[in-house]
Amino acid sequence: MNLRIKGGPEQNIPLKEGQSVLDALKAAEIYLTASCGGKGTCGKCRIKLIEGRARTDGAAKLTLEERESGLALACRTFAEEDIVIDIPENSRIVVGDKIAVSRAKDLLGLVSSMGGSVSPAVSGARVELVPPTIGDHTSDLDRLRLALEPLGLKGLNFSRDFLSGLGEALRTVNWQACLRHAGGSAVSLMPAGDCGKNKKFGAAVDIGTTTIVVYLVELETGKLIDAGSTYNSQIRYGDDVITRIVHATEGGGLDELRETALQDINGLMNATAQRHGIKTSDIELTVISGNTTMSHLFWGLPPGSIREEPYVPAVSYFPLLKGAEAGLSMNRSGAVYTMPCIASYVGGDIVSGVLASGMTRKEEIALFMDIGTNGEVAVGNNEWLMTAACSAGPCFEGSGIRHGMRATEGAIESVKITPGMGVEIGVIGNNQAKRVSARGICGSGMIDAISELFLKGIIDRKGKFVPRADAPAAGAGSIRQGDWGPEFVLFEGPSGAVTLTGVDIENILRAKAAIYAGVSTLIKEVGLDLGAIEKVYIAGGFGNYLNVEKAVILGMLPDIPREKFVFLGNTSITGAYLGLVSEGFLREAEEIASKMTYLELSVSPGFMEEYMSALFLPHTDSSQFPTVERLLEGR
């Protein structure tokens, strides 16, 4: 049997007996959104059967109307003969392709403002060896070691890859060389005259649950050469870390997950290097930053204990790897450094973020928030740090939301409800030259929509819809009855409607409650109140789109003076960059990790009480949100 995609390339995709359409597409490197990992529960991997007979074993979250129109779930569909399918645009994910290449802000300015200098962990030393003679049978390696001793490089390690070319290299440079070394190991040899002349490079890598980002950097100057990002192809095995841990442990997919991430990273390293005519062998240092699960998967370490009580990772501090050991597209003897982790759900990305924020260099007490699938928070200053993680779930990235999607083209990113129940939306990708139709809603749009619905009295404090006589009978602004209860129509177009359902609102309220409860529990644990917080650093790609006012109305961010909020963007990659260009920042990251005290919220007696109180809009304790209450009084 074969499968063909309508409108796609004229290719037949083979279908094995008993193989789901989702698995057949995956084998052909065509990937669909499957938040549940293909278990048939998320309702995301939608396809439309155009020709042929197929058996379906489930239709989670598909309406009767959708099923009658031919829509089915790819993971629950099994062909009985040759079939032709159509794949809706919002079912596809882009895997392995570059999402964007962009220049970061003034990174060198950040290094300078933090009192640092460009002094990477890889450096060169000019060394002159005594050439061998017929009467001197000292080996090439011992000869090199003897020459290095006066330079303070006694005890340097040498990899097999380095040794395999040592003899030829020494004779080529006539026994006068520049030895590149990093992390106590030799990296490469080049002519002595090239010491400080030949440009060498490094890579900063952020392995996010959703995206992977790579910065290619000139080591001697700290200059950013290029930056690239792609979806983390591990998405095909599930949206969140728990699903991937299950796949790695129960599904035997640990090597598969590691190889998947490596392919993404190497694709970006190769692409950025080739664009600038750089040999990947000249990439001598790489710094990896990621959450605890992503770091374990990169290393190929079993992550099972991360999700099992007492929630202890296999490793917190990672030894140095060689480029060859890591499998990266770089100098095989180069050094690979992994940012240290704190606990199962507070990883190297948070250490990087705290480093990039500079909060540990100041006396003022600051709050750091990385808003994502796991809402990680840290509070402290230059003397102490405490951190915690609250499982917000992946709803802000689109999972579990009827029309949820990531912040890509076609996503509703902002919502305003006008008098008369009109709806004004901002759609990613819309500009003067191009009009993009809305096909879903991303996290910032969800926050906007719910806060607007609440302020306009369309939903109550519990997030339940309130009957409105002035609501339109149909189209945008209407409240209609769907398969899962009432839903608010944000957009109505030729390809269908984008709505926010009552179930969606419940999911988002649970997520925001977890984040706020994490913050309030952590602050109370250290004996402070919100008035003591002088800065709130918000990190993560999601933070780039966040409207503080709307997030406060929702009850996700604390109601404190707005000038205290500082948006930092992707601090995981920024911290990795800092560690790449300065060995001092690597040591500082280790110091940050060593002084962080971790609070396990699942066993904290006050967390559940805080969580239950935060399940309302904005909170059961209105005194915590005075500006929101004033807005409600004035509506």
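Numbers at a glance
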{"quantity": "Test: residue in region 372-393 that is outside the structural domain of I207 (by TED's automatic domain parsing) and either closer than 18 Å to G496 by Cβ or assigned to a helix (DSSP H, G or I) (or both)", "calculated": "no"}
{"quantity": "Residues satisfying the stated conditions in region 501-532, i.e. among the polar types (S, T, N, Q), part of a helix (DSSP H, G or I) and at pLDDT 95 or above", "calculated": "S520, T521"}
{"quantity": "Region 142-161, residues that are surrounded by fewer than 15 Cβ atoms within 10 Å (Cβ to Cβ) and either acidic (D, E) or at negative phi (or both)", "calculated": "D142, L146, E149, P150, L151, K154, N157, R160"}
{"quantity": "Pairs where the first residue, in region 318-347, is more than 30 Å from I515 (Cα to Cα) and the second is among the aromatic types (F, W, Y) and in a strand (DSSP E or B), C-beta under 7 Å, 6+ apart", "calculated": "L320/Y337"}
{"quantity": "Residue that is of a type in the set (G, A, S), loosely packed, with under 13 Cβ neighbours inside 10 Å, modelled with pLDDT under 95 and out of contact with any strand residue (DSSP E or B) (no Cβ under 9 Å at 6 or more places or on another chain), where the choices are S164, S139", "calculated": "S164"}
{"quantity": "Some residue of region 572-581 being in contact (Cβ under 8 Å) with a residue 60 or more places away in the chain, of a type in the set (S, T, N, Q) and touching a helix residue (DSSP H, G or I) at 6+ places or on another chain (Cβ under 6 Å)", "calculated": "yes"}
{"quantity": "Contacts under 8 angstrom Cβ, first residue in region 17-29 being assigned by TED's automatic domain parsing to the domain that holds E80 and modelled with pLDDT of 90 or more, partner part of a helix (DSSP H, G or I) and aliphatic (A, V, I, L, M), 6 or more apart", "calculated": "S20/A74; V21/A74; L22/A74; L25/A74"}
{"quantity": "Meets criteria (crowded, with 20+ Cβ neighbours inside 10 Å, of a type in the set (V, I, T) and out of contact with any strand residue (DSSP E or B) (no Cβ under 6 Å at 6 or more places or on another chain)) for T387", "calculated": "no"}
{"quantity": "Checking T243 against (1) modelled with pLDDT under 90; (2) in contact with a Cys (Cβ under 8 Å, 6 or more places away or on another chain), the condition it does not meet", "calculated": "(1)"}
{"quantity": "Condition met for G116 (at pLDDT 90 or above and either among the charged types (D, E, K, R) or in a loop (DSSP other than H, G, I, E, B) (or both))", "calculated": "yes"}
{"quantity": "Residue within region 299-313 that is among the aromatic types (F, W, Y), farther than 28 Å from L578 by Cα and either out of contact with any Leu (no Cβ under 9 Å at 6 or more places or on another chain) or not in a loop (DSSP other than H, G, I, E, B) (or both) present", "calculated": "yes"}
{"quantity": "Checking R258 against (1) of a type outside the set (S, T, N, Q); (2) out of contact with any Leu (no Cβ under 6 Å at 6 or more places or on another chain); (3) assigned to a helix (DSSP H, G or I), the condition it does not meet", "calculated": "(2)"}
{"quantity": "Residues satisfying the stated conditions in region 562-607, i.e. buried (at least 24 other Cβ atoms within 10 Å of the Cβ), assigned to a helix (DSSP H, G or I) and among the polar types (S, T, N, Q)", "calculated": "T571, S572, T574"}
{"quantity": "Residue within region 436-452 that is touching a strand residue (DSSP E or B) at 6+ places or on another chain (Cβ under 8 Å), among the hydroxyl-bearing types (S, T, Y) and not in a loop (DSSP other than H, G, I, E, B) present", "calculated": "yes"}
{"quantity": "Positions within region 39-77 being closer than 22 Å to N12 by Cβ and among the small types (G, A, S), in sequence order", "calculated": "G52, A54, G70, A72, A74"}
{"quantity": "Residue pairs meeting the criteria (Cβ under 8 Å; at least 6 apart or on separate chains; first within 19 Å of P394 (Cα to Cα), in region 437-463; second among the hydroxyl-bearing types (S, T, Y) and part of a loop (DSSP other than H, G, I, E, B))", "calculated": "R439/S495; C442/T408; C442/Y545; G443/Y545; S444/Y545"}
{"quantity": "Positions within region 404-419 being part of a loop (DSSP other than H, G, I, E, B) and touching a helix residue (DSSP H, G or I) at 6+ places or on another chain (Cβ under 8 Å), in sequence order", "calculated": "M405, R406, A407, G410"}
{"quantity": "Given (1) surrounded by fewer than 16 Cβ atoms within 10 Å (Cβ to Cβ); (2) at pLDDT below 95; (3) touching a helix residue (DSSP H, G or I) at 6+ places or on another chain (Cβ under 6 Å), index of the condition I371 fails", "calculated": "(1)"}
{"quantity": "Those helices (runs of 4 or more DSSP H) lying entirely in region 152-252 with at least 2 residues over 27 Å from the mean Cα position of the chain (by Cα) and farther than 17 Å from T293 by Cα", "calculated": "160-164, 166-172"}
{"quantity": "Residue list for region 459-486, restricted to those being closer than 18 Å to L617 by Cβ and touching an Asp or Glu at 6+ places or on another chain (Cβ under 8 Å)", "calculated": "G463, V466, I479"}
{"quantity": "Residue match in region 280-292 (condition: more than 24 Å from E218 (Cα to Cα), of a type outside the set (S, T, N, Q) and either in a loop (DSSP other than H, G, I, E, B) or touching a residue at least 12 places away in the same chain (Cβ under 8 Å) (or both))", "calculated": "no"}
{"quantity": "Selection status of G8, modelled with pLDDT of 90 or more, surrounded by fewer than 19 Cβ atoms within 10 Å (Cβ to Cβ), small (G, A, S) and not assigned by TED's automatic domain parsing to the domain that holds M269", "calculated": "no"}
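For (1) surrounded by fewer than 21 Cβ atoms within 10 Å (Cβ to Cβ); (2) of a type outside the set (V, I, T), each residue gets a yes or a no:
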| site | (1), (2) |
| --- | --- |
| A469 | yes, yes |
| P472 | yes, yes |
| G475 | yes, yes |
| E492 | yes, yes |
| S495 | yes, yes |
| R510 | yes, yes |
| L522 | no, yes |
| L530 | yes, yes |
| I560 | yes, no |
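The values are calculated or read from the model by the stated rules, or taken from the named source; none is laboratory data. Given the structure is predicted, the values throughout are model-derived calculations rather than measurements. Here Cβ is always computed from backbone atoms with ideal geometry, including for glycine, and neighbour counts include all displayed protein chains.
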